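Novice: Shown below is the structure under consideration.
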Amino acid sequence: MADRKASLSFDQQTLEFPVLNATLGPDVIDIKSLGNAGVFAFDPGFYSTASCTSKITFIDGDKGVLLYRGYPIDQLAYHSDYMEVCYLLLNGELPDAQEKNAFIKEINQAHELPPKMLHLFKGFDQDAHPMSILIALVGALSAFDSKNPKDPAGRYQMAIELIAKIPTIAAMCYRHTQGLAFIPPRADLSYAENFLHMMFAEEADSPAPDPILARAMDRIFTLHADHEQNASTSTVRMAGSTGANPIACIAAGIAALWGPAHGGANEAALNMLHQIGSEDKVESYLERAKDPKDPFLLMGFGHRVYKNYDPRAKIMRETCHEVLDLVGAKEDPIFKLALHLEKIALEDSYFVEKKLYPNVDFYSGITQSALGIPSTMFTVIFALARTVGWASNWIEMISDPQQRLSRPRQLYTGEKERAVKPIAERA
Ligand code: ACO
């Protein structure tokens with residue numbers, strides 16, 4: 001088959017660009033050479049721009065498809081677990097039983113933080129947002145890192161260390177803000193059980209958390225493990241393209257995740273439910289969300305890529321209802337309000353026509369709240385789960401021979417060159 005070309009005509013010239021084939025999803029026009037003709041492409045928000053090639057995750061937002069390394073998210077959520085998904089994202093294949101056990105063993109051996117890091121928590125007020133502490137602590141972890149990112153084995157080890165240590169840091173962020181003593185990690189528990197144990201246990205040897213709640217937590221981790229070139233992953237890749245320390249790059253990704261348009265949506269969604277307050281106010285808030293002059297949006301609704309139901313939201317909704325049943329919270333006013341809002345918004349023509357469905361974070365926020373987790377921890381838990389996605393993307397980026405420093409161009413609309421007047425002559 002002849003190589004396909006795309007042509008672009010302007011100012012009496014026609015330029016040709018190679019068309020690159022995707023395995024799934026849109027092909028891509030390679031416009032690297034466009035700048036040679038003295039013009040740049042303009043795409044604020046990256047609506048139509050691919051910033052890299054990747055083999056990790058595929059999303060078809062119109063069809064509501066999400067694949068990790070080719071496997072549909074629902075099959076992974078129902079037939080696999082977070083440790084298998086971590087192995088899959090990092091290695092490209094699901095582990096067999098022996099590989100899974102060896103992987104879990106490696107993770108379990110690396111949960112402990114360098115002892116000096118424990119002192120750092122003391123520098124934060126108890127009412128500091130746990131995301132601020134997380135960003136600082138993950139950044140600080142880079143100071144203790146001695147892996148060589150130029151060596152593929154060193155890169156992999158860095159990913160293992162991060163996946164293992166981030167639940168410990170996250171749980172400590174929580175306990176610090178609650179004024180509670182830290183609970184050390186336990187290697188005899190599963191990844192999700194260990195996290196819940198470090199968060200909620202009264203004593204180091206308290207009984208293991210309820211397996212159903214641990215499974216719900218594992219599912220939250222699995223559904224958030226990766227999501228192709230979203231804002232935080234692109235931030236990690238961009239910071240990584242400078243050759244910066246990979247753990248520091250992950251800290252940059254965590255900062256990008258914090259915003260309410262991205263990972264901060266789960267916290268914002270729960271705050272919004274409290275702001276709405278009661279079912280009789282839902283209609284008036286829906287009217288506000290539809291009013292273009294009103295900045296109020298329904299948090300936890302809509303998505304840049306999914307213009308169909310987010311496949312993760314479907315699974316998270318199920319888990320959310322399971323957990324609400326299990327903890328007997330279905331009658332809790334805030335959860336009743338959430339379910340009422342979901343029903344009304346799914347029927348409202350504005351939301352239907354604009355394809356604004358509840359996203360995964362609408363349900364993950366409610367689920368976590370029912371698990372007794374405060375809303376300020378929701379984005380921390382998202383960051384914990386996404387660490388494997390960031391690490392996998394960083395490894396892919398740094399191993400790619402086509403990788404270059406990420407340095408976007410701009411459309412300059414400021415002043416033309418002008419002379420500096422001496423201060424006495426300025427009006
Ligand atoms: N409530 C009300 N109206 C909305 C909402 C919402 N949540 N989301 C989008 N719209 C409207 C916009 O006002 C816009 O209307 P217009 O066509 O009249 O201008 C239209 O729908 C399209 O919205 P855009 O903002 O152009 O879509 P974009 O893809 O840029 O935004 C985003 C996606 C940022 C997620 C947006 O839907 C939003 O802010 N949602 C609420 C925050 C949220 O839940 N974020 C989590 C995303 S998921 C994640 O990161 C894990």
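The values are calculated or read from the model by the stated rules, or taken from the named source; none is laboratory data. These figures come from a predicted structure and were not determined experimentally. Here the Cβ positions follow ideal geometry from the backbone for every residue, glycine too, while neighbour counts run over all protein chains shown.
Novice: Of the conditions (1) more than 13 Å from the ligand (Cβ to nearest atom); (2) modelled with pLDDT under 95, Ile423 satisfies every one except a single condition; which number is it?
Specialist: Result: Ile423 passes all but (2).
Novice: Do we find that Ile254 is touching a residue at least 60 places away in the same chain (Cβ under 8 Å), part of a helix (DSSP H, G or I), away from the ligand (no atom under 16 Å from the Cβ) and in contact with a helix residue (DSSP H, G or I) (Cβ under 8 Å, 6 or more places away or on another chain) in this structure?
Specialist: On the way: touching a residue at least 60 places away in the same chain (Cβ under 8 Å): yes; part of a helix (DSSP H, G or I): yes; away from the ligand (no atom under 16 Å from the Cβ): no; in contact with a helix residue (DSSP H, G or I) (Cβ under 8 Å, 6 or more places away or on another chain): yes.
So Ile254 does not fit the description; no.
Novice: Right, something else. Of the residues Ala248, Ala244, only one is surrounded by fewer than 21 Cβ atoms within 10 Å (Cβ to Cβ), under 14 Å from Met397 (Cβ atoms) and away from the ligand (no atom under 16 Å from the Cβ); which?
Specialist: Values: Ala248 fails: under 14 Å from Met397 (Cβ atoms).
It is Ala244.
Novice: Working only within the stretch 260-288, note down all residues that are among the charged types (D, E, K, R) and away from the ligand (no atom under 12 Å from the Cβ). I'd like the intermediate steps shown before the answer.
Specialist: At the first step, the residues of the stretch 260-288 found to be among the charged types (D, E, K, R) are 267, 279-281, 283, 287-288.
The answer is Glu279, Asp280, Lys281, Glu283.
Novice: Among the listed residues Ile315, Ile395, Ile373, Ile366, identify the single one that is aliphatic (A, V, I, L, M), buried (at least 17 other Cβ atoms within 10 Å of the Cβ), in contact with a helix residue (DSSP H, G or I) (Cβ under 8 Å, 6 or more places away or on another chain) and outside any helix (DSSP H, G or I). Lay out the reasoning, then the answer.
Specialist: On the way: Ile315 fails: outside any helix (DSSP H, G or I); Ile395 fails: outside any helix (DSSP H, G or I); Ile366 fails: outside any helix (DSSP H, G or I).
One residue alone meets the criteria, Ile373.
Novice: Please go through the stretch 344-377 and pick out each residue that is away from the ligand (no atom under 11 Å from the Cβ), more than 17 Å from the chain's Cα centre (by Cα) and within 30 Å of Pro292 (Cα to Cα).
Specialist: Scanning the stretch 344-377 gives Ile344, Leu346, Glu347, Ser349, Val352, Ile366.
Novice: Let me confirm something: among Leu24, Leu76, Leu67, which residue is in contact (Cβ under 8 Å) with a residue 40 or more places away in the chain and surrounded by fewer than 11 Cβ atoms within 10 Å (Cβ to Cβ)?
Specialist: On the way: Leu76 fails: surrounded by fewer than 11 Cβ atoms within 10 Å (Cβ to Cβ); Leu67 fails: surrounded by fewer than 11 Cβ atoms within 10 Å (Cβ to Cβ).
Leu24 is the lone residue from the list that is in contact (Cβ under 8 Å) with a residue 40 or more places away in the chain and surrounded by fewer than 11 Cβ atoms within 10 Å (Cβ to Cβ).
Novice: Pick from the stretch 269-308 the residues that are in a helix (DSSP H, G or I) and within 23 Å of the chain's Cα centre (by Cα): which of them is surrounded by the fewest Cβ atoms within 10 Å (Cβ to Cβ)?
Specialist: Of the residues in the stretch 269-308, the ones in a helix (DSSP H, G or I) are 269-276, 279-290.
Those still in the list that are within 23 Å of the chain's Cα centre (by Cα) too: 269-273.
Details: Ala269: 27, Leu270: 24, Asn271: 16, Met272: 23, Leu273: 24.
Per the stated criteria, the residue is Asn271.
Novice: Restricting to the stretch 388-427, name every residue that is among the polar types (S, T, N, Q) and closer than 30 Å to Pro152 by Cα. First the steps, then the outcome.
Specialist: Restricting attention to the stretch 388-427, the residues satisfying the condition of being among the polar types (S, T, N, Q) are 392-393, 399, 402-403, 406, 410, 413.
Listed by number, the residues that qualify are Ser392, Asn393, Ser399, Gln402, Gln403, Ser406.
Novice: Could you please find all residues in the stretch 307-327 being away from the ligand (no atom under 16 Å from the Cβ) and of a type in the set (A, V, I, L, M)?
Specialist: Hits for the stretch 307-327 are Val323, Leu324, Leu326, Val327.
Novice: Here's a follow-up. Could you check Lys330 against (1) away from the ligand (no atom under 16 Å from the Cβ); (2) in contact (Cβ under 8 Å) with a residue 60 or more places away in the chain; (3) not in a helix (DSSP H, G or I) and say which number it fails?
Specialist: Lys330 satisfies all of (1) away from the ligand (no atom under 16 Å from the Cβ); (2) in contact (Cβ under 8 Å) with a residue 60 or more places away in the chain; (3) not in a helix (DSSP H, G or I) except (2).
Novice: Given the conditions (1) in contact with a helix residue (DSSP H, G or I) (Cβ under 8 Å, 6 or more places away or on another chain); (2) among the basic types (Lys, Arg); (3) surrounded by fewer than 21 Cβ atoms within 10 Å (Cβ to Cβ), which single one is not true for Arg386?
Specialist: (3)
Novice: Against the definition (of a type in the set (Val, Ile, Thr), within 16 Å of the ligand (Cβ to nearest atom), in a loop (DSSP other than H, G, I, E, B) and surrounded by 15 or more Cβ atoms within 10 Å (Cβ to Cβ)), how does Val380 come out, yes or no? It would help to see each step written out before you state the result.
Specialist: On the way: of a type in the set (Val, Ile, Thr): yes; within 16 Å of the ligand (Cβ to nearest atom): yes; in a loop (DSSP other than H, G, I, E, B): no; surrounded by 15 or more Cβ atoms within 10 Å (Cβ to Cβ): yes.
Answer is no for this residue.
Novice: Could you say whether any residue in the stretch 401-418 is away from the ligand (no atom under 16 Å from the Cβ) and closer than 30 Å to Leu196 by Cα?
Specialist: Of the stretch 401-418, the ones away from the ligand (no atom under 16 Å from the Cβ) are 401-418.
Add one more test, that the residue is closer than 30 Å to Leu196 by Cα, and what stays is none.
No, the stretch 401-418 has no match at all.
Novice: Conditions first: (1) among the aliphatic types (A, V, I, L, M); (2) more than 30 Å from His197 (Cα to Cα); (3) assigned to a helix (DSSP H, G or I). Leu339 passes all but one, so which condition is the exception?
Specialist: (2)
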